[in-house]
1. Counting only residues that are under 19 Å from Phe218 (Cβ atoms) and crowded, with 22+ Cβ neighbours inside 10 Å, how many does segment 291-305 have?
2. Against the conditions (1) over 30 Å from Gly467 (Cβ atoms); (2) surrounded by 21 or more Cβ atoms within 10 Å (Cβ to Cβ); (3) not polar (S, T, N, Q), where does Gly309 fall short? Just the number, please.
3. Which members of segment 75-95 meet the condition of being modelled with pLDDT under 95 and more than 23 Å from Met382 (Cα to Cα)?
4. Starting from residues that are among the basic types (Lys, Arg) and surrounded by 19 or more Cβ atoms within 10 Å (Cβ to Cβ), keep the ones in segment 215-249 and report whichever is farthest from Met149 (Cα to Cα).
5. Could you count how many residues in segment 375-408 are surrounded by fewer than 19 Cβ atoms within 10 Å (Cβ to Cβ) and not charged (D, E, K, R)?
6. So, in segment 85-125, of the ones that are in a strand (DSSP E or B) and among the charged types (D, E, K, R), which residue ends up surrounded by the fewest Cβ atoms within 10 Å (Cβ to Cβ)?
7. Out of the residues in segment 267-290 that are free of Cβ contacts under 8 Å to residues at least 40 places away in the same chain, part of a loop (DSSP other than H, G, I, E, B) and touching a strand residue (DSSP E or B) at 6+ places or on another chain (Cβ under 9 Å), state the one that is surrounded by the most Cβ atoms within 10 Å (Cβ to Cβ).
Amino acid sequence: MFARFTGTSVIIAGLCLSFLGSFASVGVTAQDNPSPRRFRMGNGRVVTAEELSTMLSGPPSRSLVQGTNIRVNQTGPAAETTLVIDPRDPQHIIAAAMDSSQLAVRVTPYVSFDGGQTWEQQSPVRNFARSPDGRSVKFQNQSDPVLTMDSEGNVYVSTIMWNTDRSDNGVFVYRSTNGGRRFSAGVPVVAHIGESNPAFEDKDWITADTTGGPFNDFLYISWTSIGDGSRILFSRSTDRGMTFSTPQIISDDRGVQGSMPRVGPQGEVYVIWLHSRRDRRPEIVVDLSTDGGVTFGADIHVADVHPFGRLRALARHGGSLPSLAVDRSAGPTRGNLYVVWADRRSGDVDILLSRSTDGGMSWSEPIRVNDDAPGNGKDQFMPFVTVDQTTGDLVIGYYDRRDSVENFLVDYRVTWSSDGGETFAPSIKLTDQPFDPSAAFRFIRAANFTCMVPFMGDYTSLAAHQGVIVPLWADTRNGRSDIFTQPMAIR
């Protein structure tokens, strides 16, 4: 994240809100009653302070119910979704996203007790941490939330926290023992408080071992440490998130981003990420631990990546960051690994899949997942993959522009495979109306300014259990980024 000052406004990785004061319009003279404060947004729109407050603290002005899609969040903008289905009670679903309604970014949980038909928004997780000298330090921002659940029903959310006006930052994990309604204080996995020029810890992902094996209920977390280059770091907790091991570097090279850990059927730990190389195309690699995350081997090549730059009307879109799923079901595809990512090798951006049937040692040639006409100039991006561990079904969700004449408006689609990725069902469009992604934004508040950043997140999420898919995507139909779902049975 970078910043530069331009007169009365500040730009941080996007466009800021400029305070226009009482003389915002050319040719307007002062009157006895001064004009209300006005702010110019990144899209050029001018709003009053009252209008801005309404945008941030309340629901959008349009109807909250449009079509059949279910809106999850009550405040926003919100993006970067994550959710888990409680296997002991599949009607109980916990979700989270980064919410910018308070002029800062906060991780906010949501809970459903009816299979995702209705949602209760919870209070944001706490944004305080202890400094080395025992002081309580408040962080302005949280992002990159990821949820997981252990075999006892404890819910964990990992997040990064950072300050815009100083270098304090770190990775933290919170635990809920009451089904996601309330989370305890964050436990630091790594924290830089009061340090001079520390690394920036980014893009965390957490998962729990629920195999019932020797590492049952261990927590595994990986992230990108950005300092002298970038490295993938890894840590584990063997005491249900009370403490975490000293972070270890598991990437063999620098220039990495977007890691994701998953657990195999025998308790193996797989971590995948994107590796950018100077002399040839970027690649996706995976690393493996068979001793509960104590040691890892050499990075294993999964696939080359044909990257792409900015997509139309999108400041951020996750690029080619990979998503990983492992089949732990009792069916014939048990042990399969699946990786999906967005790739431009066919001329436009498609969703590709590679799989491993030998524990990640070798990988299949990538296949195209989206089922529109190849090379039609329509983009698909930001994929997420999961496995229904009760059925072995492989499920993939992604953003899709096939129905937009100008490759502009966006829908959300899902597809699934019941034969380990050999064949896929025709994709289904879950959005009941397309949306304009240029309406996405979030707000960042620092010491003396407010910044509006065009942002729809780097990832979405979905879960599947007992033949029911529950997706969770960011959607701008209400003029800002909100969170929607549409549970759907496939069996």
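1. Going through segment 291-305 one residue at a time, the tally reaches 1.
2. Unmet for Gly309, out of (1) over 30 Å from Gly467 (Cβ atoms); (2) surrounded by 21 or more Cβ atoms within 10 Å (Cβ to Cβ); (3) not polar (S, T, N, Q): (2).
3. Residue satisfying the conditions is Thr75 alone.
4. Filtering first and then ranking leaves Arg231.
5. 8
6. So, considering only residues that are in a strand (DSSP E or B) and among the charged types (D, E, K, R), the one surrounded by the fewest Cβ atoms within 10 Å (Cβ to Cβ) is Glu120.
7. Result: Pro282.
To keep it simple, each residue is scored yes or no on (1) hydroxyl-bearing (Ser, Thr, Tyr); (2) under 19 Å from the mean Cα position of the chain (by Cα); (3) farther than 20 Å from Leu311 by Cβ.
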position: Asp388; (1), (2), (3): no, no, yes
position: Asp403; (1), (2), (3): no, no, no
position: Arg413; (1), (2), (3): no, yes, no
position: Trp416; (1), (2), (3): no, no, yes
position: Asp419; (1), (2), (3): no, no, yes
position: Lys429; (1), (2), (3): no, no, no
position: Asp432; (1), (2), (3): no, no, yes
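The values are calculated or read from the model by the stated rules, or taken from the named source; none is laboratory data. Remember, it's a predicted structure, so these values are computed and weren't measured experimentally. Cβ coordinates were reconstructed from backbone atoms using ideal geometry, including for glycine residues, and neighbour counts include every protein chain displayed.
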